[in-house]
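Working notes, beginning with the structure itself.
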Amino acid sequence: MSSSIESAGSRRSKVTSRLLPPSLCSRSRFVSAYPTSMSSEQFADALFANAGVTPSASDRSAVINEFSFSATTNDVAARARALRRVAENSTLAQQEFNRAFVLMQYFGYLRRNPNDAPEAGLNFAGYNFWLNKLNSFNGNFAQAEMVKPSSPLLNTDDDSSRENEQCAQLC
């Protein structure tokens, strides 16, 4: 039964990821931020800049080439494909994973918002410290010492492995 639920969820996710970009690209807010009069190069650069990603030459070219070298970016389907390419960029995915990981630590481990007391100045300085540390280790939270190898969650002896398996089955 769970495999049919998973496959239904997977199908729904694939359909959504195919249908969402065209609907986003048609919205007036998107069109005003990224006018159809932009060249494909301007459009690609603006998408990557908004995502906070410096693309590789091949990633940038792939986004630009979605427009088949047309003078403008008024083709909604091409705009959607370009948007999807940027959204699926591996650098963007890693950046978003790192942000979510640090935020998850605040909510799950510290049980507070990142800008709540005891945060000095209530300005996300602690969050930014941990995010920068994680980024400096290329997202490797163990090397960044955000999760210690001596943690009971990472203990690999037989009893804890059995407990982790049981927990995974129940969760």
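Go through region 103-149 and count every residue that is closer than 21 Å to Asn50 by Cβ and either in contact (Cβ under 8 Å) with a residue 40 or more places away in the chain or touching a helix residue (DSSP H, G or I) at 6+ places or on another chain (Cβ under 8 Å) (or both).
Qualifying residue count for the region: 3.
If you go through region 19-40 one residue at a time, how many are crowded, with 16+ Cβ neighbours inside 10 Å and in a loop (DSSP other than H, G, I, E, B)?
Number of matching residues: 2.
Based on this model, can you work out whether Ala82 counts as in contact (Cβ under 8 Å) with a residue 12 or more places away in the chain and in contact with an Asp or Glu (Cβ under 7 Å, 6 or more places away or on another chain)?
Spelling it out, Ala82 is indeed in contact (Cβ under 8 Å) with a residue 12 or more places away in the chain and in contact with an Asp or Glu (Cβ under 7 Å, 6 or more places away or on another chain).
Do any helices (runs of 4 or more DSSP H) entirely within region 41-126 hold 1 or more residues that are under 19 Å from Met146 (Cβ atoms), and if so, which?
In region 41-126, 90-104 are the helices (runs of 4 or more DSSP H) which contain 1 or more residues that are under 19 Å from Met146 (Cβ atoms).
Tally the residues that are more than 18 Å from Gly139 (Cβ to Cβ) and exposed (fewer than 14 other Cβ atoms within 10 Å of the Cβ), restricting the search to region 73-107.
Counting residues in region 73-107 that are more than 18 Å from Gly139 (Cβ to Cβ) and exposed (fewer than 14 other Cβ atoms within 10 Å of the Cβ) gives 2.
FYI, it's all coordinate maths here, none of it is from the lab. These numbers come from a predicted model, not from an experiment. Please note: Cβ atoms are built from the backbone with ideal geometry, for glycine as well, and neighbour counts cover all protein chains shown.
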